[in-house]
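Once you've had a glance at the structure underneath, I'll fire off some questions.
The values are calculated or read from the model by the stated rules, or taken from the named source; none is laboratory data. Keep in mind it's a predicted model, so treat the numbers as computed, not measured. Glycine also receives a Cβ, built like all others from the backbone with ideal geometry; neighbour counts cover every protein chain displayed. Protein only, heavy atoms only, side chains kept; ligands, DNA and RNA dropped before computing areas. Shrake-Rupley method; radii C 1.70, N 1.55, O 1.52, S 1.80 Å.
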Amino acid sequence: MDNDKKRIKIVCPYCGYKMPIAYDPARVICKGVYIQCKGRKCKKEFEIRI
C-alpha cells in the first residue's frame with residue numbers, strides 16, 4: 001500500500017480532467033502511448049510522454 005502514495009495520475013492537457021491512469025515517476029519512460037480523454041465534453045486523443 002506504500003506504493004499508492006508514489007503514483008501520479010495522468011491529466012488531460014486540453015481540459016484538465018484527471019484520467020483513471022496513474023504512473024510511478026521513479027520507474028517509467030513512456031512515449032508513443034495514445035489515450036482518449038474520458039472527460040464529458042473533451043474526448044480528445046493525446047500522447048502520454050513521461
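Roll a 1.4 Å probe over the protein chains and send me the accessible area per residue for the chain in Å².
In whole numbers, the chain has 87 Å² accessible per residue.
Something else: Can you list the lysines whose alpha carbon is less than 17 Å from that of Lys6, not counting same-chain residues fewer than 8 positions off?
Partners within reach: Lys18.
Under 17 Å from the Cα of Lys31, which lysines turn up, not counting those fewer than eight places away in the same chain?
Within the straight-line cut-off, Lys31 pairs with Lys9.
A further question follows. Let's see if you can work this out: charge +1 on each Lys and Arg Cβ, -1 on each Asp and Glu Cβ, no other charges. What is the dipole magnitude of the chain about its Cα centre, in debye to the nearest 20? Intermediate values should be presented prior to the final figure.
Numbers: 13 positive and 5 negative charges, 47 e Å.
Here the size comes out at about 220 debye.
What area, in nm² and to one decimal, does the C-alpha convex hull of the range 5-50 cast on average over all directions?
For the Cα atoms of the range 5-50, the hull's average projected area reads 3.2 nm².
How far, in nm, would the chain grow between Lys38 and Lys18 when pulled straight, counting 0.36 nm per residue and subtracting the alpha carbon separation?
That pair, Lys38 and Lys18, stretches by 6.3 nm at full extension.
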